[in-house]
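Right, one structure below, let's go through it.
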Amino acid sequence: MNHPDASELLSAARETLMKEVFPSVPENLHYEIRMIASAMGIAAREAEQREAATQEEISLCSRLLPETVVVGTTSQDEARRALARAIRAGQFDQETQGSALHEALQQMVLSALRISNPRLANTSAGEA
């Protein structure tokens with residue numbers, strides 16, 4: 001693997017933006033600079049964590065739908081479509097299945113939050 005990788009490059013660029021560029025930018029552009037820095041942070045986390053989050057989601061779907069979703073052969077989009085079909089078909093209407101679905105969906109959301117908003121994910125994980 002090449003170093004620095006995409007995540008490391010984005011992190012370094014974000015740090016430079018905030019430490020070197022931000023202080024010299026007119027105050028009326030501070031919001032825009034913070035927004036750019038935030039997007040760079042999300043992109044860096046996604047580059048670093050996306051594959052693990054995708055595999056976790058496929059694995060959660062596979063536990064809910066073992067006959068339909070197979071880890072290693074089913075894509076994330078296919079797993080999501082299979083889960084949506086099962087929900088629409090009422091497969092999780094029973095309380096025990098509904099509870100398992102709720103837990104899996106909660107884990108999927110927390111995984112996505114760890115990329116898009118880690119502070120919120122940490123707060124939400126404490127409430128779960």
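Structural remarks
- Nonpolar atom fraction for the chain, defined as the carbon and sulfur part of the 1.4 Å probe accessible area, stands at 53 percent.
- On a per residue basis, the chain carries 67 Å² of accessible surface, using protein heavy atoms and a 1.4 Å probe.
- Debye, to nearest 20: dipole size of the stretch 6-121, +1 on Lys, Arg Cβ, -1 on Asp, Glu Cβ: 120 debye
- In a DSSP loop and with at most 15 other Cβ atoms within 10 Å, the GluC sites (Glu not before Pro) in the stretch 1-68 are 67.
The values are calculated or read from the model by the stated rules, or taken from the named source; none is laboratory data. Values in this document were obtained by computation on a predicted structure and should not be read as measured data. Quick reminder, even Gly has a Cβ in these numbers, built from the backbone with ideal geometry, and neighbours come from all protein chains shown. Please note that ligands, DNA and RNA were not included when accessible areas were found on the heavy atoms of the full protein model with its side chains. Shrake-Rupley method; radii C 1.70, N 1.55, O 1.52, S 1.80 Å.
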